[in-house]
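Undergrad: Please find one structure pasted underneath; my questions will follow.
The values are calculated or read from the model by the stated rules, or taken from the named source; none is laboratory data. Note that this is a predicted model, so its numbers are computed, not measured. Here the Cβ positions follow ideal geometry from the backbone for every residue, glycine too, while neighbour counts run over all protein chains shown. The area values use the complete protein model at the heavy-atom level, side chains included, leaving out ligands, DNA and RNA. Shrake-Rupley method; radii C 1.70, N 1.55, O 1.52, S 1.80 Å.
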2 protein chains.
Amino acid sequence: MGVKLIEKCESAYTYPLLIKNLLKNSLIRSPDQEIIYRDQMRYTYRDFHIRVAKLANALAGLGVKEGDTVAVMDFDSHRYLECYFAVPMMGAILHTVHIRLSPEQILYTINHAEDDVILVNSELLPLLEPIKDKIETVKKIILIKETDQNPETAIQFDGIYEELLKDASDSFDFPDFDENARATTFYTSGTTGNPKGVYFSHRQLVLHTYGLMTGLCAFDSQAVMTSADVYMPLTPMFHVHAWGMPYLFTMLGNKQIYPGRYEPEMILKLVMGEKVTFSHCVPTIIHMLVNSPVINKVDLSNWKVVIGGSALPRGLCKAATNAKINLYSAYGMSETCPLLTVAHLKPHMYEWDEEKQIDIRCKTGLPIPMVDIEIIDPLGNPVAHDGVQTGEVVARSPWLTQGYLHNQEKSEELWFDGWLHTGDVGSIDAEGYLKITDRLKDVIKTGGEWISSLTLEDIISQHPAVSESAAIGVPDEKWGERPIVLVVLKDEFKEKDLEDELKKVFMEEYEKGNIPKYGVPDRVISVDSIAKTGVGKLDKKVLRVQYAK
Amino acid sequence: MGVKLIEKCESAYTYPLLIKNLLKNSLIRSPDQEIIYRDQMRYTYRDFHIRVAKLANALAGLGVKEGDTVAVMDFDSHRYLECYFAVPMMGAILHTVHIRLSPEQILYTINHAEDDVILVNSELLPLLEPIKDKIETVKKIILIKETDQNPETAIQFDGIYEELLKDASDSFDFPDFDENARATTFYTSGTTGNPKGVYFSHRQLVLHTYGLMTGLCAFDSQAVMTSADVYMPLTPMFHVHAWGMPYLFTMLGNKQIYPGRYEPEMILKLVMGEKVTFSHCVPTIIHMLVNSPVINKVDLSNWKVVIGGSALPRGLCKAATNAKINLYSAYGMSETCPLLTVAHLKPHMYEWDEEKQIDIRCKTGLPIPMVDIEIIDPLGNPVAHDGVQTGEVVARSPWLTQGYLHNQEKSEELWFDGWLHTGDVGSIDAEGYLKITDRLKDVIKTGGEWISSLTLEDIISQHPAVSESAAIGVPDEKWGERPIVLVVLKDEFKEKDLEDELKKVFMEEYEKGNIPKYGVPDRVISVDSIAKTGVGKLDKKVLRVQYAK
C-alpha cells in the first residue's frame, strides 16, 4: 500500500501558489505605504494595485494572452515592479531582458524566448535599433519614456506605457491556473556560447519568497528584517528578479525604493533621504560606495546589506564594517532563483571577537530551510564537512530552475544524479557553513594541484594599497597553469611600484603555512582596471585571454 | 493557448513539500539547542534527529508501512514531537487522539480513522480500557510510561516506547512521495453528533509553517519572533498540531519546552526557569494564570503569547497587560490548520493610546498573506467592510482541510461556492481587521434580530467583580430566544449578590447606545463554574440545556 493521498471534496477550492496570491494582502495591510522611483515618482500600494490591473488590461488590449511572452527592457523602476506582477498574473511569461548584453546577444534571447511583446525604455533604444529587422516573433513594441520628448528612432511603436495605462480599466479579473505555469524567463550572461535561458514557475517564485523570508526574517536576532524596513534593490531587476526580493517586500507591504541606474550619489541620496534600511548588491557596488568621496559624510548604521553574486573579499568586508554598513553574505545564482544560503551568525558566535565574526560573514553561510547543499568529488561522492576538503557544490530545493530553456543537453549537464550542479567549488565546515573557494572553471590547476583564486584575492585584498584584485591561471608549459594576480591600487598608491612588495605578501602567507608553495603567484601586476561582466562580476574568461603569457 | 507549464528536464529532481524537508535544517543550524520535557527530560536536536529515526525504525519493525495510521494518546511532550515527524515522514498518517473526549467518542475516532497502531501513555489507559474490545483495526498497542512501574491493566502491549527506541537503528532513509499524501488526522470535539475528522497533507503542513512564519516573524516590528525565542506550547498537541507551531519552531531550531499537563505552577516554573519567550493558548489558560496566586511574584515581561481558540475578552486582555504579558490575538480553527489572521498593529497604530491599541489586539486581526477572508450574508453576497455589518466568515488558503474524513455530506457543507465556511459570524472594518462576533450557532436570535453573545461577554468581563462569563440565548415563547448572562465572580466577591448590579451594567450600555434594548439580558446569573469543552472553550451547547427556562 502506498501513501494515502488526501481525499478531495468535490466542491473544495484549491488554492494554487500563484503570484497574484502574494500580492493581495498588501492592499489590506499597507494600502498607504509608498513605492518610489528615484526622485521622479512616488505612489501608494493602492495606486500600485490599480496600475497592475491597468497594465494587464493594456497588455490584453494589445492581444497578450495566456502563454505569451512579454519582454521588458527598462531600468529598475516602479514600472518594472508592475510588470513583475501583471505579466505572470495574466498567465503570460515575463522575459526580463539582460540589457548589459550586446545587441546581437539580446537579439538571440528575444528570438529564443519567442517574445510576443517588448516594453522598452527610450534610453535603451540604441540596443534595439541595430537588431529590429531580425526580431522574429515580436508583434508589438511599447515605448517607455520619462520625458515629454519623443525619441528619434526608426522603430514603430504600438503604444506608450503611461498612455496605455491611462486609458485602461482599473480592474482585471486575474485567472486561476496551474501553479506550475511558467512565470518568468531570463538569460545568464554565459561565459561561453550563447546566453542560456533559465525559467521559473509561479510555484517556485512563491516558495522562493517564503525561502527569502526564512533567511531574512527568522534567524538573525541581531538584525532581523520586518515589514517596517525600507527596501531598495541594488542588483538589477533583469537579473534573477532582483534576487526575488521585490516579491517578498511587496507581499509584506514594505516601503520600496527603485533607484533606476546605479550612480553612487543618487544611491546615497536615496538611502539617506528615504531612510533605506535594507538592500542587496554585488561586492562591486559596495566597493564603489566605500570609495565614494561622500561616504564619510553619511550615517549608514541603519543600513543592512545582503551581499551576493561574488565572494565578499575580507578587505572589503572590513572597509564596509568601518563605514558602519551591516553586511551579510548570501549565496545563489541565476539557476537557483537565487537564494541558497545566508551567512547568519549562530547565537553562540555573537560573543566572538570581530575578526572571527568577519570570517563567518565572508563565508557564504548556512543553507536556509528547504535547501539541501552538498559538496561532491569528481566521482560524485560527498566530501567530508571539515572546512578543508573542497568539491563541486550541488543543491536541491523546490525553487531551482528545471533546466535551460529549449536546451536539453545543457539541462542534463546542470541536473545530474538528482542534484543541480552549481559549477562552484567550495567546502563545508563542521558548523555547516559553506565557503565557495572558486568557480570550477576559475580554479587554477598547477602541476596537478588546485589553487583557489578566491583565496589569493582574499589575501591581497587586505593589503592597505589594494583597491581591487583578480587571481587567474595563465597557461604554462611546465605546470599547465600558473597563478598571477592583477591588482588595482588605491589612488594614493597609484604612482608606486608595489608589485614586488605585493608578491612578498604571498611568500609570507606561504611561510606561515596558509598557502602551499605552488600557490604563490608568479607575478603581481598592477593594472588600471579589471574587466567585469554585465552584472559586475570579475570577467575571468576575458582576463585569462588578456594576460596569457 | 493556455499557460505554458514549465519544461521538466528528464533528470531534474523535484523537491516535494514534505515534512522531512522542514526537519533537516535544524541539524545544521542548532544541533546543540535543547528540547525539554517538564523537569523530566532534556536533550539536543542532535538527539532528537536520532530518536526520530529510531522511532521510525521501531514502527517499521512493528509492521507500520506507508498509508498506515498511527494513533498517539499522550500529554504534550518530546515524544509527541517525535511522532509529529517520524510518523508522517515514513509516509504513515499521524492520528492525534483527542484525549478529552469520552471513551465512547475516542472509540469512534479510532475506528473511523482506521488506526493500525496506538501509542498510549500509561496514565491514559483508563480511556482505553473500557473500549479495548471494540477497537476494530488496531493491530499493535505501544505503552508509553514515565516511571519504572508497570501499570495494572488488562491491555496487552506489543512494546514499550523507550525500549523500542533503545533497540532501534539510529538511521532511517525517509522516502520521497507525493506532497499531497495525508500526513495527519484529528477529530474536532463536535457540538452535535459524532466527532468529525479533519486531515492535512504534507504540502499543507509545510505551507502552513511558512504562513505561521509570516504571521509571527515578519510583521510586528515591536515584538517579532526569531530563532532566539524559547518556545512552549500551551494548546494541546492533539489539537490542530498545537496550532502547527512545533513544526515552525523545529524548522527554525528554537529551544522548545513541552509542559505535559497544564498546571499553573509548573507552567510558571518553566516560563521562568527556562526563560520561555513565546507561547500560545486559549484565553482560559491566561485567565487561570492571571488568577494564580504566584502571578505577582514573577516577571513575565519577556513573554509573548498568541491567544486563539476563543475571542479574547477585553477585561482579560487588560488584566494580562497589567501582568506585563504581551498578548496577540489570532484566529483559526481545526479546519484551517489553523492560522488565518493575527492581530498585529499597523505601524501607524503604534502611537495610539493603550485603550485603542487594546481594541485592535482584541480583534482577531488581519489575514496573513496567502489567506483570503470574506464576510458573506445568508445569500452568499459579501457584506461591506465597515466594521458594523456582520455575516458568516469564509476563507480560502492553501492549508485548509479539504473536507471531513469519510463524510461527503459534511464536507460539502463546509466547502460551498469555493469557500470554506467557518460557521463564525464577524465583521471586517475599513482597516481590514476581522472581528468575530459569534459562532453562527451561538448568535442569540431574539424577535428576528441578532445579538452577539461575545459583545455581551466583552461588556461584563470588564466589571471588576467578574472573573468569567458566558452569554447564551434561552428559548422564549414570545421572542424565540432571549439573552441571559452567566458569571463566575472573583473570590473576594463570591458572597455578594451582584446580579442586579451586573444587569444594570447592560442597561447603561444600552443607554450609551452601545447595544440595542433587546440586547439587555433578561437575567445575569452568578454561578460557581461554567461548562467548557475538552479544549477549554465555553461549552454553550451544554449551557443552553442547563439554563433553558
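Undergrad: Treat each spin label as a single point 7 Å out from the Cα along the C-beta direction, and report the A:ASP377 to A:ASP522 distance in nm.
TA: Each label point lies 7 Å from its Cα, and together they span 3.0 nm.
Undergrad: Can you sort A:LYS496, B:LYS410 by solvent-accessible area, 1.4 Å probe, largest first?
TA: Numbers: A:LYS496 115, B:LYS410 70 Å².
Reading off the accessible areas and sorting them downward yields A:LYS496, B:LYS410.
Undergrad: Right, next: On average, how much accessible surface per residue is there in chain A, in Å², for a 1.4 Å probe, leaving out ligands, DNA and RNA?
TA: On the way: 20590 Å² over 549 residues.
Value for chain A: 37 Å² per residue.
Undergrad: Here is a follow-up. Order the following by accessible area, largest value first: B:VAL138, B:VAL371. Probe radius 1.4 Å; ligands, DNA and RNA are ignored. All intermediate terms of the calculation are to be shown ahead of the outcome.
TA: Values: B:VAL138 30, B:VAL371 5 Å².
The ranking, largest first, comes out as B:VAL138, B:VAL371.
Undergrad: Can you tell me how the range A:133-201 classifies by the Cα gyration tensor, rounded, prolate or oblate, using a/c under 1.5 as the rounded cut? The partial results should precede the final answer.
TA: Numbers: a/c = 2.46, a/b = 1.15, b/c = 2.14.
Taking the square roots of the gyration eigenvalues as a ≥ b ≥ c, the range A:133-201 is oblate.
Undergrad: Do any GluC sites (Glu not before Pro) in the range B:38-144 lie in a DSSP loop with no more than 15 other beta carbon atoms within 10 Å, and if so, which?
TA: Working: sites: B:GLU66, B:GLU82, B:GLU104, B:GLU114, B:GLU123, B:GLU136; in loops: B:GLU66, B:GLU114, B:GLU136.
Listed in order of number, the matching sites are B:GLU66, B:GLU136.
Undergrad: Put A:ASP167, B:ASP229 in order of accessible area, largest first, 1.4 Å probe: what do you get?
TA: On the way: A:ASP167 130, B:ASP229 10 Å².
Output order, biggest surface exposure first: A:ASP167, B:ASP229.
Undergrad: If you find the alpha carbon centre of the range A:464-488 and of the range B:129-173, how far apart are they in angstrom?
TA: Measuring centre to centre over Cα atoms gives 67 Å.
Undergrad: With a ≥ b ≥ c taken as the square roots of the eigenvalues of the C-alpha gyration tensor of the range B:444-546, please select rounded if a/c is under 1.5 and otherwise prolate if a/b is larger than b/c or oblate if it is not? Each step should come with its number before you reach the end.
TA: Working: a/c = 1.79, a/b = 1.16, b/c = 1.55.
It comes out oblate by the Cα gyration axes.
Undergrad: Now for a separate question. Could you work out how far the C-alpha centroid of the range A:87-116 sits from that of the range B:235-307, in angstrom?
TA: Comparing the Cα centres of the range A:87-116 and the range B:235-307, I get a distance of 53 Å.
Undergrad: Tell me the GluC sites (Glu not before Pro) within the range A:481-513 that lie in a loop according to DSSP and have at most 11 other beta-carbon atoms within 10 Å. Don't skip to the answer; put the middle values down first.
TA: Numbers: sites: A:GLU481, A:GLU492, A:GLU495, A:GLU499, A:GLU501, A:GLU508, A:GLU509, A:GLU511; in loops: A:GLU495.
Answer by residue number: A:GLU495.
Undergrad: How big is the A/B interface in buried accessible area, both sides summed, 1.4 Å probe, to the nearest 100 Å²? List each step's numbers first, then the result.
TA: Values: alone 24080 and 23990 Å², together 41080 Å².
Counting both chains, the buried surface is close to 7000 Å².
Undergrad: Once you have a ≥ b ≥ c as the square roots of the Cα gyration tensor eigenvalues for the range B:37-198, tell me rounded if a/c is under 1.5, and otherwise prolate or oblate according to whether a/b is larger than b/c.
TA: Oblate, since a/c reaches 1.5 and b/c is not below a/b.
Undergrad: Here's a follow-up. To the nearest 20 debye, what is the magnitude of the charge dipole of the protein assembly as shown about its Cα centre, counting +1 on the Cβ of each Lys and Arg and -1 on the Cβ of each Asp and Glu?
TA: Numbers: 114 positive and 154 negative charges, 128 e Å.
In total the dipole reaches around 620 debye.
Undergrad: If you take every DSSP beta bridge fully contained in the range B:37-198, what fraction is antiparallel? Give it as a percent rounded to 5. Please report the intermediate quantities before stating the final value.
TA: On the way: 4 of 21 bridges.
Antiparallel bridges: around 20 percent, rounded to the nearest 5.
Undergrad: How big is the antiparallel share of DSSP beta bridges in the protein assembly as shown, given as a percent to the nearest 5?
TA: Given both bridge residues lie in the protein assembly as shown, the antiparallel proportion sits at roughly 60 percent.
Undergrad: So, in Å, what gap is there between the alpha-carbon centers of the range A:337-406 and the range B:489-544?
TA: Their Cα centres are 59 Å away from one another.
Undergrad: State to the nearest 20 debye the size of the charge dipole of chain B about its Cα centre, where the only charges are +1 on K and R beta carbons and -1 on D and E beta carbons.
TA: Values: 57 positive and 77 negative charges, 91 e Å.
It works out to roughly 440 debye.
Undergrad: May I ask you to list the trypsin sites (Lys or Arg not before Pro) in the range B:193-284 that are in a DSSP loop and have at most 15 other Cβ atoms within 10 Å of their Cβ? If you can, show how the numbers build up before the last one.
TA: On the way: sites: B:LYS196, B:ARG203, B:LYS255, B:ARG261, B:LYS269, B:LYS275; in loops: B:ARG261, B:LYS275.
In loop regions of the range B:193-284 (DSSP not H, G, I, E or B), the sparsely surrounded trypsin sites (Lys or Arg not before Pro) are B:ARG261, B:LYS275.
Undergrad: Let me ask something else. Among the DSSP beta bridges whose two residues both lie in the range B:444-546, what percent are antiparallel, rounded to the nearest 5? If you can, show how the numbers build up before the last one.
TA: Working: 15 of 19 bridges.
Expressed as a percentage, antiparallel bridges in the range B:444-546 total about 80.
Undergrad: Further, regarding this structure: Identify all lysines with a Cα-Cα distance to B:LYS132 below 17 Å; exclude those on the same chain that are fewer than 8 residues away in sequence.
TA: Result set, ordered by chain and number: B:LYS140.
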